[in-house]
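K.L.:
Quick one: this structure, given as structure tokens, is what I'll be asking you about.
The values are calculated or read from the model by the stated rules, or taken from the named source; none is laboratory data. These numbers come from a predicted model, not from an experiment. Glycine gets a Cβ as well: all are built from the backbone with ideal geometry, and neighbour counts include every protein chain shown. Note: areas computed on protein heavy atoms with side chains; ligands, DNA, RNA excluded. Shrake-Rupley method; radii C 1.70, N 1.55, O 1.52, S 1.80 Å.
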Amino acid sequence: MDNAARAGAYADMDFDADILIAGGGINGTATALALASAGFHVMLVEPRSRAERKANDFDGRSYAFAISSMRVLFALGVWPRLKDVQPILRIKVTDGRPGEGPSPLMLTFDHGEIEEGPLGYMVEDRHLRSELLDAAEDAGVTQMDDRVIEHNADRSGALASLGSGATRRVRLLVACDGQKSRIAGRVGIRRMGWSYGQTALVCTIAHEQPHQGIAHQFFVPAGPLAILPLSGHRSSIVWTERAARAETVQAMSEGDYLDELRPRFGRFLGEVALAGRRTAYPLRLSIAERFIADRVALVGDAAHVAH
Ligand SMILES: Cc1cc2nc3c(=O)[nH]c(=O)nc-3n(C[C@H](O)[C@H](O)[C@H](O)COP(=O)(O)OP(=O)(O)OC[C@H]3O[C@@H](n4cnc5c(N)ncnc54)[C@H](O)[C@@H]3O)c2cc1C
């Protein structure tokens, strides 16, 4: 090439893709899908195999989607594909002490007040993960079972080195590599945050009575207990306890665990039984001081962990 300026421009165009996304959790996959749908050539690099990410095992995690989040998934074509979506028709918020029942004063939000259909929706993690992945593939996202182990970025582009030894040069590197984002660390983005000293005990219960699409938030001294409607006679429980107590409860047998839960829960749904695994998530705030650096953007938990 005899024209130096032109040579520079051509060098700039020498990219393997427009965007490389590191991390194929729900945020990485959704971001990949959105960007591919907008016409960008996107690579998604995730060390966990596709089979593992599509596995139908239920870890008990479900998401509460506000209408705005539902609209995003609708625009991306994912919403109509989702199974077992449960509308939230009413939300009841109250407080009290375990075993003493709720306070007579409560806040109630009813979907009739917003005239836009349900207040929100509950979706199980396993269904969301799987449908996002399929939709991303259909949209032409190039998926690589690999890991970003190093990268260099400046104003002209980003070069990612992968665990397999391959390298990829892209216009933008999007870090969706979770709350311990190494990419953020490498570009010198610091984080602030703290532990709440609380743990969310998460499980799904099957119950005798219908939930009628009602979500409950019951505030007790150790933290909130959320009872969130799932399809059928099932509800997702997010039960917040102080960390040490949560560890004890999580180690209990199923019977003892339910005996501990029942006084918080009351009898309004009739008999209850566990319907799936029990998990425990320590709760913390963690937020990056900046969400961008030269040719690098942080998305999802890499940018901001709310819990
Ligand atoms: C019980 C529970 C309920 C929740 N409910 C809600 C809710 O209702 N609404 C809501 O918005 N959020 C909710 N959350 C939070 C939500 O689950 C997380 O915010 C979300 O899963 C984070 O997704 P992510 O893709 O950002 O990160 P992760 O899920 O942490 O994914 C990061 C991915 O990056 C990969 N990775 C790591 N390092 C590399 C690397 N070097 N190269 C390539 N890949 C890499 C990992 O393998 C992993 O797959 C809930 C969480 C819990 C525990």
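K.L.:
Using a 10 Å Cβ count of at most 15 others and DSSP loop calls, identify the longest part of the chain lacking such chymotrypsin sites (Phe, Trp or Tyr not before Pro).
P.N.:
59-267
K.L.:
Continuing with the same structure: May I ask you to derive the relative contact order of the stretch 18-128, considering only C-alpha pairs under 8 Å and at least 6 residues apart, and to give it as an integer percent?
P.N.:
Taking the mean separation of contacting Cα pairs over the length of the stretch 18-128, I get 29 percent.
K.L.:
Just from its helices, what would the mean residue ellipticity at 222 nm be for the chain, if runs of 4 or more DSSP H residues each count -39500 (n - 2.57) and the sum is divided by every residue, rounded to the nearest 500 deg cm²/dmol?
P.N.:
Dividing the helical sum by the residues of the chain leaves -7000 deg cm²/dmol.
K.L.:
With a 1.4 Å probe and all protein chains left in place, how much accessible area per residue does the chain have, in Å²?
P.N.:
50
K.L.:
Next question, about the same structure. Take the Cα atoms of the stretch 115-261, build their convex hull, and give its volume per residue in Å³.
P.N.:
Considering the Cα atoms of the stretch 115-261, their hull volume per residue is 223 Å³.
K.L.:
Nearest 5 is fine: what % of DSSP beta bridges in the chain come out antiparallel, could you say?
P.N.:
So the antiparallel bridges in the chain amount to around 75 percent.
K.L.:
So, one more: With the full set of protein chains in place, find how many percent of the accessible area of the chain is carbon and sulfur; take the probe as 1.4 Å.
P.N.:
53
K.L.:
With all distinct Cα pairs included, what does the Kirkwood hydrodynamic radius of the stretch 66-105 come out to in Å, to one decimal, could you say?
P.N.:
One decimal place: 13.2 Å for the Kirkwood radius.
K.L.:
Cα atoms only, the chain: Rg and Dmax in Å?
P.N.:
For the chain, the Cα radius of gyration and maximum Cα-Cα distance read 22.5, 83 Å.
K.L.:
Determine the dipole magnitude for the stretch 162-255: charges of +1 sit on the beta-carbon of Lys and Arg, -1 on that of Asp and Glu, nothing else is charged, the reference point is the Cα centre, and the result goes in debye to the nearest 20.
P.N.:
Dipole size: approximately 940 debye.
K.L.:
How large are Rg and Dmax for the stretch 246-307 when only the alpha carbon atoms are used, in Å?
P.N.:
Over the stretch 246-307's Cα set, Rg and Dmax evaluate to 18.9, 56 Å.
K.L.:
Heads up, I need the accessible area for Ser37: 1.4 angstrom probe, whole protein in place, Å², nearest 10.
P.N.:
In the full protein context, Ser37 sits at about 70 Å².
K.L.:
Taking the Cα centre of the stretch 74-171 as the origin and placing charges on Cβ (Lys, Arg +1; Asp, Glu -1), which of Gly163, Met106, Leu133 is farthest toward the positive end of the dipole?
P.N.:
Sorting the options by dipole projection puts first Gly163.
K.L.:
How high is the relative contact order of the chain, in percent, counting Cα pairs under 8 Å that sit 6 or more residues apart?
P.N.:
After rounding, I find 23 percent.
K.L.:
Please report, in debye to the nearest 20, how large the charge dipole of the chain is about its Cα centre when each Lys and Arg carries +1 at its beta carbon and each Asp and Glu carries -1 there.
P.N.:
540
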